[in-house]
Amino acid sequence: MTQDLAAFAAERGIKYFMISYTDLFGAQRAKLVPKEAIADMQKDGAGFAGFATWLDLTPAHPDLFAVPDASSVIQLPWKKDVAWVAADCVMDDKPVEQAPRVVLKKLVEDAAAMGLRVKTGVEPEFFLISADGSTISDEFDTAEKPCYDQQALMRRYDVIAEICDYMLELGWKPYQNDHEDANGQFEMNWEYDDALKTADKHSFFKFMVKSVAEKHGLRATFMPKPFKGLTGNGCHAHISVWDSEGKTNAFADKEMPFGLSAKGKTFLGGIMKHASALAAVTNPTVNSYKRINAPRTVSGATWAPNTVTWTGNNRTHMVRVPGPGRFELRLPDGAVNPYLLQAIIIAAGLSGMKSHADPGPHHDIDMYREGHLVKDAPKLPLNLLDALRAYEADSALQAALGAEFSSAYLKLKQQEWNAYCSHFTQWERDSTLDI
């Protein structure tokens, strides 16, 4: 049953709605709409100039309308008179096929047509830093191995507990919060859900974390590698595939190795087969490749993969299978677009099922110490350009995500790479001024 947003406003004391969509670069765009206008907006959408955001549109294109999906509405726990609602992009009465949430909804439908529901959880890591972004916010957080540091966690109790309290209030069922492996870094976890719901929650989570950090005079960053020598921000995704009712894990088979059924292995095979192209979306920035191809960190490990391998319960590989019928993709980083992350996982997995893809042999070794012994596993891209080229060469993945999206994404990301290459750095002056 479609929720009436005007009635929701009257019931909850809402004065304004943030009608929000996420563009191709993961930037969240919104209009603040008074409750008196929300009925019309729910019907027709809020108007935007699409060219003004990161979509492949021009100033000559007609208005882009963000039509709110009322099922996603969230009353801001820290500002009760405002509600956030995720929106789908429409132009000329048609879905904008390059818009990330539209892309994901299509892939969810594709899975449903095969009798499947993909459920996922995410583990977004973030740093709490100074307001100017120059340093971590806690000057006493200096341990060589800071992961799970009790004192450092409690020094940021006010921020972390406030965010967790809000997730409890929203019914997300958060279950743990910890100080992560880098100084100043944290991770918060909540219960897995259907892929679209997880994407909406992930999008709202990033907004919420940044807002609460600012409230406390700090800044939160999900940047993949904000500090040299420290572990970067990952966003590991846990994936399970269920029947159409969402009641039975369709890939769980306790009689098979790792508890993964034959069909489940082909879904995993798709992830492995498309891994290099996958990186163009799961690791979408220039900075991303300073995380997945990083040297040893202060703590002793990057916790990020650089080779296309899979394993059982071993965190040094790109994919680990920790239990029956589910697996963890450790490739994505904090910059990943919440909607495109879910979309590309489904796209690669379904492609693998259709082509009966074999994930190849598993490896039980410590990839950080003995990775050189694996001779036949592909290396992940060294930089964003390599990843974009891999995606451009992957026709099956492009088709699954849609021609309009693929064309727009490749075009804008290539422009981003070109802008990076034309940027002059201090390293260049230090290295070549006197050559």
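The values are calculated or read from the model by the stated rules, or taken from the named source; none is laboratory data. Here the structure is a predicted model, which is why all the values come from computation and not from measurement. All Cβ positions, even for glycine, are placed from backbone atoms using ideal geometry, and neighbour counts span all protein chains on display. The area values use the complete protein model at the heavy-atom level, side chains included, leaving out ligands, DNA and RNA. Shrake-Rupley method; radii C 1.70, N 1.55, O 1.52, S 1.80 Å.
Remarks
- Shown here for segment 132-175: GluC sites (Glu not before Pro) in loop regions (DSSP other than H, G, I, E, B) with at most 15 other Cβ atoms within 10 Å, namely Glu139, Glu144.
- Under the combined filter of DSSP loop state and at most 12 neighbouring Cβ atoms within 10 Å, segment 369-435 retains these chymotrypsin sites (Phe, Trp or Tyr not before Pro): Phe424.
- Think of a 1.4 Å ball rolled over the protein heavy atoms: segment 345-435 then has 61 Å² of accessible area per residue.
- Taken over the alpha carbons of segment 184-325 as equal point scatterers, the Debye sum produces base-10 log I(q)/I(0) values at 0.14, 0.19 Å⁻¹ of -0.83, -1.32.
- Dipole axis of segment 289-435 (+1 Lys, Arg; -1 Asp, Glu on Cβ), positive-most option in Asn383, Ala396, Pro324: Pro324
- Segment Ala49-Gln151, extension gain: residue separation times 0.36 nm, minus the distance between their alpha carbons: 32.0 nm
- Within-12-Å neighbourhood charge of Arg330 [Cβ basis; K, R +1; D, E -1]: -1
- Across the chain, the relative contact order, built from alpha-carbon pairs under 8 Å that are at least six residues apart, equals 16 percent.
- Segment 166-225 and segment 357-427: distance between their alpha carbon centers, rounded to Å: 26 Å
- Rounded to the nearest Hz, the phi-derived 3J(HN,Hα) couplings of segment 271-279 under the Karplus curve 6.51 cos²θ - 1.76 cosθ + 1.60 (θ = phi - 60°) are 4, 5, 4, 9, 4, 5, 6, 4, 4, where x marks glycine and proline.
- Maximal additional length on extending the Leu32-His216 stretch stands at 63.9 nm, based on 0.36 nm per residue less the C-alpha distance.
- Global form of segment 265-338, assessed from the alpha-carbon gyration tensor, a/c cut-off 1.5: oblate
- Under 5 Å between amide hydrogens, built in the peptide plane, is the criterion, and for Ala252 it picks out Ser261 among residues at least 5 positions away or on other chains.
- Near-label residues of segment 385-419 by backbone N, under 14 Å of a point 7 Å along Cα→Cβ of Thr425: 385, 417-419
- Using the 1.4 Å probe convention, the accessible area of segment 99-145 works out to 44 Å² per residue with neighbouring protein chains retained.
- Residues in segment 1-72 average 54 Å² of solvent-accessible surface per residue, probe 1.4 Å, ligands and nucleic acids excluded.
- Under Karplus coefficients 6.51, -1.76 and 1.60, residue-wise ³J(HN,Hα) of segment 75-88 in Hz, glycine/proline x: 6, 4, x, 9, 8, 5, 8, 10, 10, 9, 9, 6, 10, 9
- For the residue pairs Lys105/Lys354; Lys15/Lys247; Lys290/Lys354; Lys94/Lys210, the C-alpha atoms sit more than 28 angstrom apart in Lys15/Lys247; Lys290/Lys354; Lys94/Lys210.
- When trypsin sites (Lys or Arg not before Pro) are flagged only if DSSP places them in a loop and at most 11 other Cβ atoms lie within 10 Å, the longest unflagged stretch of the chain comes out as 1-227.
- Note on the chain: with neighbouring protein chains present and a 1.4 Å probe, carbon and sulfur make up 52 percent of its accessible heavy-atom surface.
- Our summary gives segment 273-320 a relative contact order of 22 percent, counting only alpha carbon pairs under 8 angstrom and 6 or more residues apart.
- Annotation for His61 and Asn313: the two label points, set 7 Å from Cα along the Cα-Cβ direction, are 4.7 nm apart.
- Gyration tensor verdict on segment 44-130 (Cα atoms; rounded if a/c is under 1.5, prolate if a/b is larger than b/c, oblate otherwise): oblate
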